[in-house]
Amino acid sequence: MMEDPIMRDYIKKILGDDAEAPADYASLIIESRRRGREGLPQPHLRPHRCDKHLQDFLDGIFYGDFWGPAKVYFRCLGSKQGEEPDRYKLQSNQEASKS
């Protein structure tokens, strides 16, 4: 994923020298927010209960499937603890072309 030298340096700074690059940009953004500016883990921070829905929403922006993940993410934000909706499944290009 990260062939760009600027992104490689950013990953080293945020995640550490021996860290593997995340599978997608959304994971990198979320992990960098958890670690803060210095790139140090911040144990007092916990992910929001809709964190995975946010990741699906950001992936949808990058892959061109915006409205489906957006609806599920905002439904999650409006839900009560423990009543979160199921995660949105992004359609791959192959599945979209078959339909």
### Positions within segment 45-93 being under 16 Å from the mean Cα position of the chain (by Cα) and among the hydroxyl-bearing types (Ser, Thr, Tyr), in sequence order
Tyr63, Tyr73, Tyr88
### Per-region count, segment 53-86, residues open to solvent by 80 Å² or more (accessible area, probe 1.4 Å) and at pLDDT 90 or above
7
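The values are calculated or read from the model by the stated rules, or taken from the named source; none is laboratory data. Because the structure is predicted, anything quoted here is derived from the model rather than measured. To get the accessible areas, we keep the full protein, side chains included, count just its heavy atoms, and leave off ligands, DNA and RNA. Shrake-Rupley method; radii C 1.70, N 1.55, O 1.52, S 1.80 Å.
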